[in-house]
Structure formats: structure tokens, C-alpha cells
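Have a look at the structure below before the remarks.
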Amino acid sequence: MKAAVITFPGSNCDRDLAVAFEAAGAEVVRVWHKDTSLPEGVDVVGIPGGFSFGDYLRCGAIAARSPIASAVAAHAARGGFVLGICNGFQVLTETGLLPGALMRNAGLKFICKTVELEVATADSAFTEAWAKGAVVRFPVAHHDGNYTADAETLARLRAEDRVAFRYLANPNGAMDDIAGVLSENRRVLGLMPHPERVVEAVQGGSDGMGLFRSLLGRMALA
């Protein structure tokens, strides 16, 4: 698997994401936001957490209009995999690759702690390492993680089994306890918690490695 990790001004989890992909066995290339194309042979694009462009306007709004964003959208349109974590999830909603929006946390405070998540579907390249209903622990670190969508969108996500992860104890007010959602073709995942921060025991847990190994396993079968 060849993974491209995007860096924007203000990204602060890009190295963490690259290390997680490498630990799962992927070849990783780093891509700057001003690049206009992805390297040849990229299977998955990782959009990391952080505060791209200082979270001005709306979180992810400027990053979604940077030169590399068109290449990421084209990659997704071809059926390529895309993983957006935290700020990366916000970027994916701003580009329209995922539905909904990430609003200010219900408590109006920045949240930084480890949370328990339910794996809401095992039917995706990102989650098939687990059984549906499995519980994993990932850290969160966000101020605008309150997933919001209209009733029609929420109903469609449920009907199409596109909710990837749900909070067991909702920390931010997200509708339907949603922590992560999939695109219609199930090849784009956005999630607020950080699996890349728990890929080895020294980090306090290794639950996050399941996501990266799951994706790598899918690539090996392709």
C-alpha cells in the first residue's frame, strides 16, 4: 500500500499519521498543500488532524480550497481511499466528499481525552478488522467535533450503514453519537477521534492499529 499524507499550514498530526501508516507496512509519501497532484501509485490519501490555516473562516474551509484538494477529490472519484482524521474530517465535509458538518462542541470547550467508541459497521476497508459492535478506545482532541446533519442525511447514513464509529459516551453533542462516517462508495472515512495516536502500547493502547492493518489488508487483496 502506498499512502500519501497531506500537510497544511497548521497540521500537527501529519507525522503521527505517516508513522502509523508505516507501522502497518505502507510506503508513505508526504505531500504539501500547494502541490497540484498526488504521486503516482497512491492507494490512500491521509488528511491529518491539526488546525489547518489556523481554523480561520470555518475549520477545514481554507484547506478544502487549497491546490491539493482537487487532486484528492479526483482520487476519491476514481475509487481511491481517503482517510480524514479530526481536522481532516472537517476538510472532507468542506470539500463535499462527506456529508454533514462539524460544529462547535456542545459544551463550547476544547476536549482532550480518551473515549470509547462502538464500531458501528464492519463492512468497510477501515473497520473490517473488528466485529460490528466491538468497543475501541481512541483519544479525541477537538473544539469543533459536534457532527451535525439534517434529518434526511442522518436517515440515509443509518439506512446505508455508513456510520463507521459511534461514541459510547458522547463528549461533544454529535448527532446520533456519530464519531465517523463513510462515503457512499465506502472508500472515504472521516472520524474525529485519533487512531494514529494509539498504534503501539507505549502510547497507552494499540486499538488504532486495527484501522491501519484493516486498510492494508484490503490493499493486499486488491
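Some points to look at:
- Measuring nothing but how far apart in sequence close Cα pairs (under 8 Å, 6+ apart) lie, relative to its length, the stretch 2-220 scores a relative contact order of 20 percent.
- Loop-resident sites, the stretch 11-103, for GluC sites (Glu not before Pro), counting at most 12 other Cβ within 10 Å (DSSP): E40
- Computed accessible area, K132, all protein chains, 1.4 angstrom probe, square angstrom: 140 Å²
- Between the C-alpha center of the stretch 21-91 and that of the stretch 163-182 there is a gap of 22 Å.
- Most fluctuating residue given options F126, F81, F110, as computed from a GNM of the chain linking Cα atoms under 10 Å: F110
- Positive minus negative residues near V28 (Lys, Arg vs Asp, Glu; Cβ under 14 Å): -3
- Positive end of the dipole of the chain (Cβ unit charges, origin at the Cα centre): among G10, L38, A74, the Cα lying farthest that way belongs to G10.
- Shape class for the stretch 2-220: rounded, because the ratio a/c of the largest to smallest gyration tensor axis (alpha-carbon atoms, square roots of eigenvalues) is under 1.5.
- Largest GNM mean-square fluctuation across A201, A174, A141, computed for the chain with C-alpha springs under 10 Å, falls on A201.
- Counting heavy atoms of the protein chains alone, D16 has an accessible area of about 60 Å² for a 1.4 Å probe.
- With a Förster radius of 25 Å applied to the C-beta separation of R213 and D161, the computed FRET efficiency comes to 0.70.
- In the stretch 33-65, the chymotrypsin sites (Phe, Trp or Tyr not before Pro) that fall in loop regions by DSSP, at most 12 other Cβ within 10 Å: Y56
- Across R30, R197, R78, mean-square fluctuation computed from a Gaussian network of the chain (C-alpha pairs under 10 Å connected) peaks at R78.
- Inter-label distance, A106 to W32: 4.3 nm, where each label sits 7 Å from its Cα along the C-beta direction.
The values are calculated or read from the model by the stated rules, or taken from the named source; none is laboratory data. Note that the structure is predicted; figures quoted are calculated from it, not measured. Neighbour counts are summed over all protein chains in view; Cβ atoms, including those assigned to glycine, are modelled from backbone coordinates with ideal geometry. Note: accessible area is taken over every heavy atom of the protein model, side chains too, but ligands, DNA and RNA are not part of it. Shrake-Rupley method; radii C 1.70, N 1.55, O 1.52, S 1.80 Å.
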